[in-house]
Every structure is written in structure tokens, then in C-alpha cells.
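Here the structure comes first, spelled out in C-alpha cells, and everything after it is commentary.
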Amino acid sequence: MSNIDDQNIIEGIVAGDEAVFKAFYKKNRKYIRQYILKNSGNEDDVEDVFQDAFVFIYQKLKTGSLELRSPLSTYFYGVSKNIWRNRLRKNRKLVVTEEIPEDTEIIEASIVQEIEDKEREHVYRKHFVHLSDACRQVLQLLFEGKSMKQISEITGYAEGYTRKKKFECKKHLIEMIEQDPIYQELKATSENK
């Protein structure tokens with residue numbers, strides 16, 4: 001199964017073929033894991049980044065907007081690295097933003113950014129309440145910083161099922177958010193910057 005070419009992998013991912021996903025996971029996880037652990041991450045970060053990168057690629061494949069110029073595994077590794085770098089940057093940014101900016105343009109930009117962040121949060125909350133109780137519980141615990149093991153213990157689900165549930169819930173939430181006209185407007189605004 002590990003020698004499947006990219007086209008078969010892509011078709012399997014789009015079709016939801018679990019065997020293809022498992023082979024893809026097994027082949028790519030070690031590289032993602034190695035990168036994240038070397039760059040201040042832990043095992044939960046590895047799983048989160050892998051899932052987020054997979055959801056990103058899955059959505060690109062579903063919409064037909066993925067143009068591969070390299071092997072799928074190379075592209076996946078690049079997406080995963082970018083997701084992890086953005087998380088690291090965001091965490092460091094939170095520390096840096098405690099300083100008071102002196103430049104008016106920076107202040108205006110930060111106010112605009114704050115407004116956009118609040119609008120994004122509003123869109124998120126609007127759709128979060130429409131998730132099932134189980135999805136809301138899993139995602140809420142995740143946002144509180146709980147590990148998959150802790151979430152499994154709290155919910156009573158097996159850890160593997162909890163990971164699958166998290167993936168499905170995040171995917172469903174993202175799909176709802178992406179359909180929202182406010183999200184489309186925010187996305188267009190951020191792309192024009």
C-alpha cells in the first residue's frame with residue numbers, strides 16, 4: 001500500500017478510503033513529528049498539525065484547487081511546516097503585543113486587526129453553537145488545552161475515536177464557517193492586504 005502513486009492517493013483521500021488515509025498517515029507522520037518535536041512541539045502538536053494540514057489538503061482536493069508541482073508528501077510536509085511556523089509565530093506574537101506601540105499607523109492597524117479578529121470570533125461562535133453536543137464538548141475541551149488522553153477520559157470515548165471525532169467536528173465547523181458570507185468578506189479583506 002505504501003507504493004501507491006500520488007494520483008491513487010488523491011483519489012483515495014477524496015473518496016474517503018480509510019486504507020489510503022492510514023497509509024498516507026503512516027508514511028508522512030514521522031517527518032511531521034520529527035520537524036515539530038525539533039521545533040518546540042509535543043506529541044499533541046504533531047497530531048493537531050497533521051490533522052489541520054490534512055483537512056487543508058482535503059478541502060483543496062474537494063474543490064479541485066490543489067495544483068501539485070511536487071510529490072504530494074512534499075507538499076503535505078510544506079503545509080505542515082507552515083501551519084507549525086504560524087502557530088509558533090502567533091504564540092510569540094502574543095508575548096510581543098504586551099508592549100504599547102508608539103506609531104499611530106501601527107495602532108490603527110492593530111485596531112483594524114482587533115475588529116477583524118472579533119468578527120472572525122463572532123462567525124466562529126455563531127457556527128459553533130450549531131454543532132452537536134458531542135462535537136461542542138470535544139472541541140471546547142481541546143480549546144481549553146486538554147490533551148487527547150484527557151478529552152478521552154472526560155468524554156468516555158476511546159482515544160482513537162476522540163481523534164476521529166475531533167477531525168470530523170473541526171471539518172464540519174470549517175465547512176459551515178466557509179459558507180458564511182461574513183467569512184467570505186473577511187477572507188477577501190485579508191487577501192487584499
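At-a-glance table
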read-out	value
Which numbered condition residue 61 misses (of (1) modelled with pLDDT of 80 or more; (2) in a loop (DSSP other than H, G, I, E, B))	(2)
Any pair with Cβ under 7 angstrom, 6 or more apart, that starts in segment 58-86 at a residue that is over 19 Å from residue 23 (Cα atoms) and free of Cβ contacts under 8 Å to residues at least 60 places away in the same chain and ends at one that is surrounded by 17 or more Cβ atoms within 10 Å (Cβ to Cβ) and of a type in the set (Asp, Glu)	83/52
Breaking point among (1) free of Cβ contacts under 8 Å to residues at least 24 places away in the same chain; (2) in a helix (DSSP H, G or I); (3) exposed (fewer than 12 other Cβ atoms within 10 Å of the Cβ), for residue 26	(1)
Filtered residue count, segment 122-136, keeping only those that are of a type in the set (Val, Ile, Thr) and either touching a Cys at 6+ places or on another chain (Cβ under 7 Å) or over 13 Å from residue 180 (Cα atoms) (or both)	1
Every residue from segment 1-23 that is surrounded by 13 or more Cβ atoms within 10 Å (Cβ to Cβ), closer than 16 Å to residue 59 by Cα and not acidic (Asp, Glu)	9, 10, 12, 13, 14, 21
Residue count for segment 37-47, restricted to those that are hydrophobic (A, V, I, L, M, F, W, C) and either free of Cβ contacts under 8 Å to residues at least 12 places away in the same chain or in the same structural domain as residue 162 (by TED's automatic domain parsing) (or both)	1
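Listed here are the residues, each with its yes/no results for (1) in the same structural domain as residue 59 (by TED's automatic domain parsing); (2) at pLDDT 85 or above; (3) surrounded by 13 or more Cβ atoms within 10 Å (Cβ to Cβ).
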| position | (1), (2), (3) |
| --- | --- |
| 84 | yes, yes, yes |
| 111 | no, no, no |
| 115 | no, no, no |
| 136 | no, yes, yes |
| 140 | no, yes, yes |
| 145 | no, yes, no |
| 154 | no, yes, yes |
| 171 | no, yes, yes |
| 174 | no, yes, yes |
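Each row is one residue, and each column tells you yes or no for (1) free of Cβ contacts under 8 Å to residues at least 12 places away in the same chain; (2) of a type outside the set (Val, Ile, Thr); (3) under 12 Å from residue 84 (Cβ atoms); (4) not in a helix (DSSP H, G or I).
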position	(1), (2), (3), (4)
9	no, no, no, no
14	no, no, no, no
20	no, no, no, no
32	no, no, yes, no
35	no, yes, yes, no
49	no, no, yes, no
53	no, yes, yes, no
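The values are calculated or read from the model by the stated rules, or taken from the named source; none is laboratory data. Bear in mind the structure is a predicted one, so any value in this text is a computation, not a measurement. Glycine gets a Cβ as well: all are built from the backbone with ideal geometry, and neighbour counts include every protein chain shown.
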